[in-house]
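Read-outs: derived from the displayed coordinates by stated rules, not from any lab. The structure presented is a predicted model; accordingly, all values stated were derived computationally and were not measured. Cβ coordinates were reconstructed from backbone atoms using ideal geometry, including for glycine residues, and neighbour counts include every protein chain displayed.
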């Protein structure tokens, strides 16, 4: 006989499998954008630079000026394609690990929105900017997506000026803490769809999440993720 707990387990597993499939698709799209679209635009820019130098030698300043505008537009498009590819699947996450990807995410967030950010990785964190071994690939993806959602919520609702992230360890867990100095979060927001998605991802990462208001202002999101053994890592992969 199938009880409610069995249904919940099956639903959670299906949800995790669907997200894993989506992440694989996003990874493929990101690589295609990087290799084909970004590569093609880079090639066009190089050709335009060569044409510009040729025209400059014969004194065609008007056409050189027009080409400069085209190069500027192509360069902006190239940067946009790289941002899209990075949002779909950050290359740092694959090549340098979760901490490095979160670090870059915070730096990009600060540049784009003018919100000061900081990242502190404690010595007991069981993870570093060059360490990809402590958490499984699926856990890293889920934590990264949670961090994205936390920052999205901050920029949409918090009106914050500072965002601080701390990564530390506790026994067999890695703990990610995000704090902002914004207007705080209400109970309706805690029960909202975005927060619900964060909680589902936390469960998929073998973790738990708490969201609490800070005094006198701001919100703290604390994510606690269990470090799996090698056998569990292989099953996650």
### Summary
For the pair residue 155 and residue 76, the simple spin-label estimate (label points 7 Å beyond Cα toward Cβ) gives in nm 1.8
### Task
Just rank 203, 119, fewest to most, by other beta-carbon atoms within 10 angstrom.
203, 119
### Message
Please rank 87, 156, fewest neighbouring Cβ atoms within 10 Å first, as an exposure proxy.
### Response
156, 87
### Query
How long is the gain from residue 183 to residue 35 if the chain were fully straight, where each residue apart is worth 0.36 nm and the alpha carbon distance is subtracted?
49.1 nm
### Query
Suppose R0 equals 25 Å; then what is the FRET efficiency for residue 210 and residue 162 from their Cβ-Cβ distance, rounded to the nearest 0.05?
0.80
### Task
Would you kindly state how much longer the chain becomes between residue 226 and residue 60 on full extension, computed as 0.36 nm times their sequence separation minus their alpha carbon distance, in nm to one decimal?
53.3 nm
### Summary
Expected sort for 220, 105 with the fewest Cβ neighbours (10 Å cutoff) up front is 220, 105
### Task
Report the full-extension gain for the segment residue 170 to residue 116: residue separation times 0.36 nm, less the Cα-Cα distance, to one decimal in nm.
16.7 nm
